[in-house]
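Reading through the structure tokens given below for one structure.
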Amino acid sequence: MKLIINSETRNKCGHGSSEYWFSYRDYTIKNISELSVADKPEDMGQTTYFVSIGLIPFVTVSNEEIMRAAIEERGSAKLKSIFAKVDSEHFVETFWKYYNVYPELTENTDEFINNYLNKKIVEWCEENKIDYSVE
């Protein structure tokens, strides 16, 4: 079995959400809100239970992380200097203020995001010894 890394897979790691877990049993990514915990022993926590049935948290990547990577990889020295002073609380808002003004940020945005997420998922797969293929 292999985890197929495609747009659906990328969507499940984006936005910093921790609602998705990977199943070693069937190599699928599951939304934990849809999983039954009816068989969970009363003295066992939910996370421990999920791990006991072969699930691990799927990789999460926040919007801020992607934006910071875009600045680091594509931004001019001026942009990097500006964003080095921006704290997490204001980063996303500030990013969008500069996004349309600096062409280096707007060029091939979807391609950059897809490549970045693919890289993060591949790293996660390798760390967790999960076979994968990228579509």
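Quick look at the numbers
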item: Cβ pairs under 6 Å, 6+ apart, first in segment 94-112 and free of Cβ contacts under 8 Å to residues at least 24 places away in the same chain, second not in a helix (DSSP H, G or I); result: T94/V86
item: Meets criteria (small (G, A, S), over 29 Å from L3 (Cβ atoms), touching a helix residue (DSSP H, G or I) at 6+ places or on another chain (Cβ under 8 Å) and open to solvent by less than 70 Å² (accessible area, probe 1.4 Å)) for S62; result: no
item: Every residue from segment 1-58 that is in contact (Cβ under 8 Å) with a residue 60 or more places away in the chain and crowded, with 16+ Cβ neighbours inside 10 Å; result: L3, I5, T9, R10, C13, G14, F22, F58
item: Residue count, segment 37-69 (criterion: farther than 30 Å from T109 by Cβ and assigned to a loop (DSSP other than H, G, I, E, B)); result: 11
item: Residue that is part of a helix (DSSP H, G or I), open to solvent by less than 90 Å² (accessible area, probe 1.4 Å) and out of contact with any Ser or Thr (no Cβ under 7 Å at 6 or more places or on another chain), where the choices are E104, E72, E123, E93; result: E123
item: Residue in segment 77-89 that is open to solvent by less than 40 Å² (accessible area, probe 1.4 Å) and assigned to a helix (DSSP H, G or I) present; result: yes
item: Residue match in segment 71-84 (condition: farther than 30 Å from K129 by Cβ, among the aromatic types (F, W, Y) and at pLDDT 90 or above); result: yes
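The values are calculated or read from the model by the stated rules, or taken from the named source; none is laboratory data. Note that the structure is predicted; figures quoted are calculated from it, not measured. Methodologically, a virtual Cβ is constructed for each residue, glycine included, from the backbone with ideal geometry; neighbour enumeration extends over all protein chains shown. These accessible areas exclude ligands, DNA and RNA; they are computed on the full protein's heavy atoms, side chains included. Shrake-Rupley method; radii C 1.70, N 1.55, O 1.52, S 1.80 Å.
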